Amino acid sequence: MKISFKKTLIYIIGLIVISLGANILLRSRLGAGAWDTVSSNLSQWLHITLGTATAIVYSVVLGFVVLSRKNYGYLFIIGPILVLSFFFDFWDLIIFKDLFIELFYLRAILYVVGGYLLSLGLALTILSLYPAMVFEELTYTMMNLLKVKKFFSMRIMIEVFAILLATGFGFLAGIGFGAVNMGSFLLALILGPMISMNLYLFRKLYYFKSMS
């Protein structure tokens with residue numbers, strides 16, 4: 001893996017956009033990404049910040065990946081996890097601290113914007129050619145353990161597990177389903193194609209600028 005200023009900048013921007021999109025989705029209250037609902041409901045249960053809960057969830061998953069693959073090189077991902085958790089708290093506690101929207105059509109707009117930003121941020125981290133985020137590595141790990149050949153099938157199973165886990169945390173916290181909503185299931189289905197669309201568009205722009 002070659003490290004460059006351009007790739008590092010793209011990667012960090014991707015992490016910032018991921019955290020922004022996730023926060024907007026949570027503010028829509030129509031459903032967020034599966035693992036973001038886990039972090040949100042865990043934060044409510046343990047009375048910790050969203051960023052801290054995100055760091056805990058991601059680190060536990062990373063630990064599982066490292067132990068399963070017996071490859072300590074994956075510990076590189078701890079850096080992006082810390083950056084991501086910082087920006088989760090930045091958006092949640094500073095920028096969107098008092099934002100609460102009742103009107104459904106405005107919440108629907110937030111859901112669409114947040115979903116697009118989440119897919120854009122993930123696409124940028126992939127475009128940087130740096131190591132994938134922890135849940136992509138988890139998917140590959142589980143494919144090996146369970147002998148599942150299709151990435152999409154395994155990813156759907158992991159997303160469903162995350163939603164069930166988030167629901168459990170929500171009821172432990174006394175908030176019911178909490179951040180889990182029907183939009184969480186929809187996002188699990190459409191996030192992959194949205195990432196692919198952004199990759200197609202930005203790869204053309206990125207390579208054009210690289211040659212100029």
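The values are calculated or read from the model by the stated rules, or taken from the named source; none is laboratory data. Here the structure is a predicted model, which means the values were calculated and not measured. Note: ideal-geometry Cβ built from the backbone for every residue, glycine included; neighbour counts use all protein chains shown.
Here are some notes:
- Region 74-91: number of residues that are at pLDDT below 95, surrounded by fewer than 20 Cβ atoms within 10 Å (Cβ to Cβ) and closer than 11 Å to Ala55 by Cα: 4
- Selection count, region 8-37, where residues are charged (D, E, K, R), part of a helix (DSSP H, G or I) and either at positive phi or surrounded by 21 or more Cβ atoms within 10 Å (Cβ to Cβ) (or both): 1
- Glu136 meets the conditions (1) loosely packed, with under 15 Cβ neighbours inside 10 Å; (2) without any contact (Cβ under 8 Å) to a residue 12 or more places away in the chain; (3) under 18 Å from the mean Cα position of the chain (by Cα) in every case but one. The failed one is (1).
- Just one of the numbered conditions (1) surrounded by fewer than 18 Cβ atoms within 10 Å (Cβ to Cβ); (2) touching a Gly at 6+ places or on another chain (Cβ under 6 Å) is not true of Leu172: (2).
- Filtered residues of region 155-171 (kept if hydrophobic (A, V, I, L, M, F, W, C) and either under 16 Å from the mean Cα position of the chain (by Cα) or over 21 Å from Arg27 (Cα atoms) (or both)): Ile156, Met157, Ile158, Val160, Phe161, Ala162, Ile163, Leu165, Ala166
- Hits in region 163-206 (condition: outside any loop (DSSP other than H, G, I, E, B) and of a type in the set (S, T, N, Q)): Thr167, Ser184, Ser196, Asn198
- Test: Arg155 is among the basic types (Lys, Arg), in contact with a helix residue (DSSP H, G or I) (Cβ under 7 Å, 6 or more places away or on another chain) and closer than 30 Å to Phe5 by Cα: no
- Flag for Ala173 being more than 15 Å from Gly33 (Cβ to Cβ), touching a residue at least 24 places away in the same chain (Cβ under 8 Å) and hydrophobic (A, V, I, L, M, F, W, C): yes
- In summary, Thr8 fulfils each of the numbered conditions (1) within 16 Å of the chain's Cα centre (by Cα); (2) over 23 Å from Ile109 (Cα atoms); (3) of a type in the set (Ser, Thr, Tyr) with the single exception of condition (1).
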